[in-house]
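Heads up: the structure comes next, in structure tokens.
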There are 2 protein chains.
Amino acid sequence: MNKVILLANRPVGKPAASDFKFEDIVMPSPKDGEVLLKTTYVSVDPYLRGRMSDAKSYVAPFELNKPMSSAIIAEVTESENPDFKVGDYITAGLEWKLFQTSNGKGLSKVDPSVSLTAYLGALGMTGLTALMGLQEIGKPKSGETLVVSGAAGAVGSIVGQIGKIMGCRVIGIAGSDEKVAALKSKFGFDEAINYKTTENMQEAVAAAAPDGVDIYFDNVGGDISDAVIFNMNKYGRIAICGTISSYNDTEASKGPRLQPYILKNSMLMQGFIVSNYANKFPEGVKQLSAWLKAGKLQYSETIVNGFDQIPQAFMDLFEGKNDGKMVVKI
Amino acid sequence: MNKVILLANRPVGKPAASDFKFEDIVMPSPKDGEVLLKTTYVSVDPYLRGRMSDAKSYVAPFELNKPMSSAIIAEVTESENPDFKVGDYITAGLEWKLFQTSNGKGLSKVDPSVSLTAYLGALGMTGLTALMGLQEIGKPKSGETLVVSGAAGAVGSIVGQIGKIMGCRVIGIAGSDEKVAALKSKFGFDEAINYKTTENMQEAVAAAAPDGVDIYFDNVGGDISDAVIFNMNKYGRIAICGTISSYNDTEASKGPRLQPYILKNSMLMQGFIVSNYANKFPEGVKQLSAWLKAGKLQYSETIVNGFDQIPQAFMDLFEGKNDGKMVVKI
């Protein structure tokens, strides 16, 4: 028996159960060169909401009455492809189906002795985003000071931990006392600032970073970022990973012009998406796995059970019901 | 008879004649190991404005009631140093004096048969600034589109020519019809825009750069830069060399926040001063000399006469009265 989840309607506002449709489909058989994949874990992520709309974007929208898809962990249950054997686990962007075939292209083998779900989080796009942005743009050196905004998020919490591994003083910025407490106790940040209860962020960053800021991993933009940037040192590096403060803006917001500061300190500011560094993923996953096995990377995840629960788990993301990465176990 | 120009006041806004003070001083005599230098040409440059303030910056500020200084060409008129003989010409960062002594450290001999003033321009910091910023940050590839602001300035006109040598489509932005005409006829730019007579700069840049902008060499900052940046392509590079539009600001000006654009296009923005790349100067001067001798680099200079005219020549920079490198002949 096989099943698929299709996009039934393009949501208006928050996605609803009626936007998804379950269908029974035939069990496929792998042809020569193909494998049969049994879905094990499905990642549900906020960015999928964008793909459910047909507005112009950098990723193609899902098509109506076609399968939804996301990052998935699957087990190889039949193989006509010499590169994969029965019992292998792989991760890839796959359709929301119980079973599907693949010619093997784009499948990455994963090591089940680590943690399968980690490949959807700390060892997946989340961890790679943290590592690539920090490593390729931030270029941390031991003894430098790193500030992370959106620090309690899935990416931010890993950025800070990698910064600690690399010998940096790490300061996190987050939006609640609980998050600030977790940054220090669970994720090992040196300092954490609750921007919602801090009147003068520029002074707070200065106090937390007595030697100035060398690297800023930015998930938010806006006033918080200004406060960090005005504390940066010569040759400071800013990796722009997100600008969540502007996502709901209807027109470009204004702020102090940064070029004079960037010039004065010979600073670098660079935006990125993780796929820019696709050629470094294998090496990156290896590094992240090593840290994870050594107990150096902590992460949170919420695991929901059952293929039928995928739409609900996705909708729950927008109610903040997850703690860390949201994953559905099949 | 000897004279010096001191910093009398830290300017508020644009520098004024009253910010400078002339004094008669004694004629120095070289001690053992020293040379007596007679100033021949004095370079005046926008960046000196920054050093007249005491705000934290990349170069130490000038001290009040102490001599101003800049790049100077001087003739050795007495020598107690075996490395220099009377009649040698040298260039160095020196004080604004008719005569001064030096122990020889930091003096570079120049070849008067080329052109003395070239060592303050195309073969000096000006040419190196253009080459280093474009090469190290802009990283031009043949077929890409380069936009240069302050294009008729000493640095800008060389940037554009190097861009052409490297196979780019080059667009210059300048502030008069004469400058725009010179960019195309003398310096070989493909397109040039007079920002003072252009109502919608963003549309004008779009029209001049039908394939979008890959590299922006920025000498000005402000609205002009916004107009260029909003036309940039994925992986665009912005080299910030100057922000002359803000040099005389008494408070930080505001503009649209750029981070969302920098993120969306995985762009890079980097500030620099030429001394960041000091280890590449010998190679750079060799390259610039080769282009100059091959007739591939044209440069303009505005030569003003008289030691007493140094402050006025400097102030005229902010009124755009120079055509290319501004030099004072003593």
Among the listed residues B:ALA130, B:ALA122, identify the single one that is closer than 13 Å to B:LYS286 by Cα and modelled with pLDDT of 90 or more. B:ALA122
Looking only at region B:306-322, which residues are assigned to a helix (DSSP H, G or I) and of a type in the set (Gly, Ala, Ser)? B:ALA313
For the subset of region B:235-244 comprising residues that are at the interface with chain A (Cβ under 9 Å from one of its Cβ atoms) and at pLDDT below 95, which member is surrounded by the most Cβ atoms within 10 Å (Cβ to Cβ)? B:GLY242
Scan region B:264-279 for residues that are more than 18 Å from the chain's Cα centre (by Cα) and modelled with pLDDT of 90 or more and jot them down. B:ASN265, B:SER266, B:MET267, B:LEU268, B:MET269, B:ASN279
Tabulated pairs, region B:100-112, first in the same structural domain as B:GLU78 (by TED's automatic domain parsing), second hydroxyl-bearing (Ser, Thr, Tyr) and in a strand (DSSP E or B), C-beta under 6 angstrom, 6+ apart or interchain: B:SER108/B:THR91; B:VAL110/B:TYR89; B:VAL110/B:THR91; B:PRO112/B:TYR89
Filter region A:156-176 for residues that are surrounded by fewer than 23 Cβ atoms within 10 Å (Cβ to Cβ) and at pLDDT below 95; which is nearest to A:TYR195 (Cα to Cα)? A:GLY175
Lone qualifier among A:GLY284, A:GLY295 - being at pLDDT 90 or above, more than 10 Å from chain B (Cβ to nearest Cβ), surrounded by fewer than 24 Cβ atoms within 10 Å (Cβ to Cβ) and part of a loop (DSSP other than H, G, I, E, B): A:GLY295
With the condition kept exactly as written, say whether any residue in region A:184-192 is exposed (fewer than 15 other Cβ atoms within 10 Å of the Cβ) and of a type in the set (S, T, N, Q). yes
If we keep just the residues of region B:11-57 that are at pLDDT 95 or above and among the basic types (Lys, Arg), which is nearest to B:SER246 (Cα to Cα)? B:LYS21
The lone condition A:SER142 fails out of (1) modelled with pLDDT under 95; (2) surrounded by fewer than 23 Cβ atoms within 10 Å (Cβ to Cβ) is (1)
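The values are calculated or read from the model by the stated rules, or taken from the named source; none is laboratory data. Remember, predicted model here, so these are calculated numbers, not experimental data. Cβ: placed from backbone, ideal geometry, glycine included. Neighbour counts: every protein chain shown.
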